[in-house]
Structure formats: C-alpha cells, structure tokens
Amino acid sequence: MQAKVRWIDGVMFLGESASGHTAVMDGPPDQGGRNLGIRPMEMLLLGVGGCSSFDVMTILQKSKQQVTDCYVDINAERVDAVPAVFSKIHLHFVVKGKDLKEAHVKRAVQLSAEKYCSASIMLSKAGVEISHDYEIQTDD
C-alpha cells in the first residue's frame, strides 16, 4: 500500500491514495492553517470508523440482514501532552433495517473489533483503549 502527502502551503497538505483519491488536510488558524480541510488526526478516526463499518456491513450483508442505514458515531480522547496520541476511542454503531436479528448485529460488531478491523486492532495493540457498542433501529 502506498500514499503521497504533498505540502500546499502553511499547514495545508493534499493526501493522495494509491487508488487515485485525494483529501485535503489543514490545521486550525491558531496553528497556521485556514481550516480548509480535515485535520490529520480526524482523518485517522475516520479511517478507523470506515474500516470497522466496512467489516460490519460486509458481515451483515453476508448474513442476509436487511440493512437500510448504518453509521458509526466515534468519540475519542487524546492525552494532554505532546504527542497528543489517542488514549481512548469508542465506536457506537447504529444499524437500521427490517427484521434485523440482534445476534447478527452483535456478531458483526464483535468480529470487526476482534478479528477484522486492521485499523482499530492496530491502534489497540499500540495501547489505545478501543470500545464498541451498537443499537438497532427498525424501519416502520
């Protein structure tokens, strides 16, 4: 896997993935940025959420669950020191659908957390406390 990050100006950078997609990263004004892009640590959180969501949805689709919406709210805490690494990350999945079986949703979240999500498992091995939970909403 490869990627490139190119400096634009100030503390703005353009990240480009090997698959050809780009993302602007920028800092807040008090750190020389113009707030024109996502912060790098926010991007790391999005990567964790995206990786885990990919797993959860793939598992639910394979188990023939009728999912109509799925999102994950991510809350993180950082240490008050330099470097300001993450100390805790919590992923709260909200899965909406018709006739969803709780056992399948629970298993999908658990499998992502314990076996498949490379991003969260990597951060966990680095000492970040990672937790997951879920809620199920039904379509009316």
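With +1 on each Lys and Arg Cβ and -1 on each Asp and Glu Cβ, and nothing else charged, work out how big the dipole of the chain is about its Cα centre, in Debye to the nearest 20. The partial results should precede the final answer.
Values: 15 positive and 18 negative charges, 108 e Å.
With Lys and Arg at +1 and Asp and Glu at -1, about 520 debye.
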Tell me the net charge near residue 109. Cut-off is 12 Å between Cβ atoms, residue 109 excluded, with +1 for each Lys or Arg and -1 for each Asp or Glu. -2
Using θ = phi - 60° and the Karplus form 6.51 cos²θ - 1.76 cosθ + 1.60, what ³J(HN,Hα) does each residue of region 33-42 get, whole Hz, x for Gly and Pro? x, 10, 6, 9, x, 6, 6, x, 6, 5
With DNA, RNA and ligands ignored, accessible area of residue 129 (1.4 Å probe; Å², nearest 10): 110
Quick one: net charge around residue 93, please, counting Lys, Arg +1 and Asp, Glu -1 for every other residue with C-beta under 14 Å from its C-beta. -3
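Nearest 5 percent is fine: what portion of the DSSP beta bridges confined to the chain is antiparallel?
Numbers: 22 of 33 bridges.
Roughly 65 percent of the DSSP beta bridges within the chain come out antiparallel.
Given N residues in the chain, what is Rg(Cα) / (2.2 N^0.38 Å)? Don't jump to the answer; show the numbers that get you there.
On the way: Rg = 17.3 Å, N = 140, 2.2 N^0.38 = 14.4 Å.
So the Cα radius of gyration is 1.20 times the expected 2.2 N^0.38 Å.
Write out the trypsin sites (Lys or Arg not before Pro) in region 28-99 meeting two conditions: DSSP loop, and at most 11 other Cβ atoms within 10 Å of their Cβ. Before the final figure, lay out the partial values.
On the way: sites: 34, 62, 64, 78, 88, 96, 98; in loops: 34, 64.
Here the sparse-neighbourhood loop sites are 64.
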I'd like the carbon and sulfur percentage of the solvent accessible area for the chain, probe radius 1.4 Å, heavy atoms only, ligands and nucleic acids excluded. 53
Among 121, 92, 108, which residue has its Cα furthest toward the positive end of the charge dipole of region 88-133, with +1 on Lys/Arg Cβ and -1 on Asp/Glu Cβ? 108
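The values are calculated or read from the model by the stated rules, or taken from the named source; none is laboratory data. All figures in this text were calculated on a predicted structure; none of them were measured in a lab. Every residue, glycine among them, receives a Cβ derived from its backbone with ideal geometry; neighbour counts consider all protein chains shown. We work out accessible area using only protein heavy atoms, side chains counted, and drop any ligands, DNA or RNA first. Shrake-Rupley method; radii C 1.70, N 1.55, O 1.52, S 1.80 Å.
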